[in-house]
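Notes follow the structure.
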Amino acid sequence: IRTLFCPLSADPSYSAVGRQVSYFLAAHVPGGMVLRSQTMSEQPDAFDPNSLAERSGADHILTGSVDVSDGFEVTLTLVRCTDQRVILERRFAEGNDNYQSVLTCAIEEIIGCLAIPPAEQVSELPQAFDAFLDYMEAMDLKLSMQHGIRNDKSQRAFSLLLEVLERDPQFETAINELAVLSLLWISKSLGQTEVVLNPLKVVRQRFPQN
């Protein structure tokens, strides 16, 4: 079963969070794939489900939204492509401190509606909600550099990941992502490794326990 996850719409200030929540959900639903289109997050009604299903080969299409204005809220609609029947339409909401339960419940509900075995384990996320928002933005910047690294984006992503670690020093995934960014810098710097490796020195100095 192939499910196409469209980027979740969100307030423009948090559009990166909407896109990355789509990726997070899709990564935890077997057969999940994400529509790579920012336009979809801005105008979801402009896309024809039949056209999306034909182009992607999807059996189901998931759309929705993310709201972080008062707690953490995810609203999802799951449509079966064969008859365009809505098989899931639900709002998941909790306070900031329980944002992870929103994602866990959403994943469980999607998997239940699709009647498929669950993924092995939900990926680690930061404990603090602010750290989660920064982490989502950093991952969105990293994704945007898949076809070419940009200094402004990589530096912004690096700064965000440092902020994540300031709030949650035990979040090891952020350390791994910082290493990936440093390697990307190395690949672009054409031998200027001393300049490029400075970011990892910063991490070791700030977080020696990691």
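The values are calculated or read from the model by the stated rules, or taken from the named source; none is laboratory data. Being a predicted model, the structure only gives us computed values, none of them experimental. Neighbour counts are summed over all protein chains in view; Cβ atoms, including those assigned to glycine, are modelled from backbone coordinates with ideal geometry. With ligands, DNA and RNA removed, areas are computed over all heavy atoms of the protein, side chains included. Shrake-Rupley method; radii C 1.70, N 1.55, O 1.52, S 1.80 Å.
Key figures for this structure:
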| read-out | value |
| --- | --- |
| Matching residues, the range 110-142, being among the small types (Gly, Ala, Ser) and more than 30 Å from VAL86 (Cα to Cα) | ALA128, ALA131, ALA138 |
| Spans of strands (runs of 3 or more DSSP E) in the range 48-133 with at least 2 residues more than 18 Å from the chain's Cα centre (by Cα) | 72-80, 85-94 |
| Some residue of the range 112-120 being hydrophobic (A, V, I, L, M, F, W, C) and crowded, with 17+ Cβ neighbours inside 10 Å | yes |
| Number of the condition not met by SER69 [criteria: (1) at pLDDT 95 or above; (2) small (Gly, Ala, Ser); (3) open to solvent by 50 Å² or more (accessible area, probe 1.4 Å)] | (1) |
| Residue in the range 103-111 that is in contact with a helix residue (DSSP H, G or I) (Cβ under 9 Å, 6 or more places away or on another chain) and either open to solvent by 60 Å² or more (accessible area, probe 1.4 Å) or of a type in the set (D, E, K, R) (or both) present | no |
| Near pairs, Cβ below 9 angstrom, 6+ apart or cross-chain, from the range 65-94 (closer than 16 Å to ASN50 by Cα) to any residue that is assigned to a loop (DSSP other than H, G, I, E, B) and open to solvent by 50 Å² or more (accessible area, probe 1.4 Å) | ARG80/ASP59; CYS81/ASP59; THR82/ASP59 |
| Candidate set: the range 170-205, residues that are out of contact with any helix residue (DSSP H, G or I) (no Cβ under 9 Å at 6 or more places or on another chain) and not in a helix (DSSP H, G or I); chosen: the one modelled with the highest pLDDT | GLN170 |
| Criterion violated by ALA119 - all others in (1) modelled with pLDDT of 95 or more; (2) under 17 Å from LEU25 (Cβ atoms) satisfied | (1) |
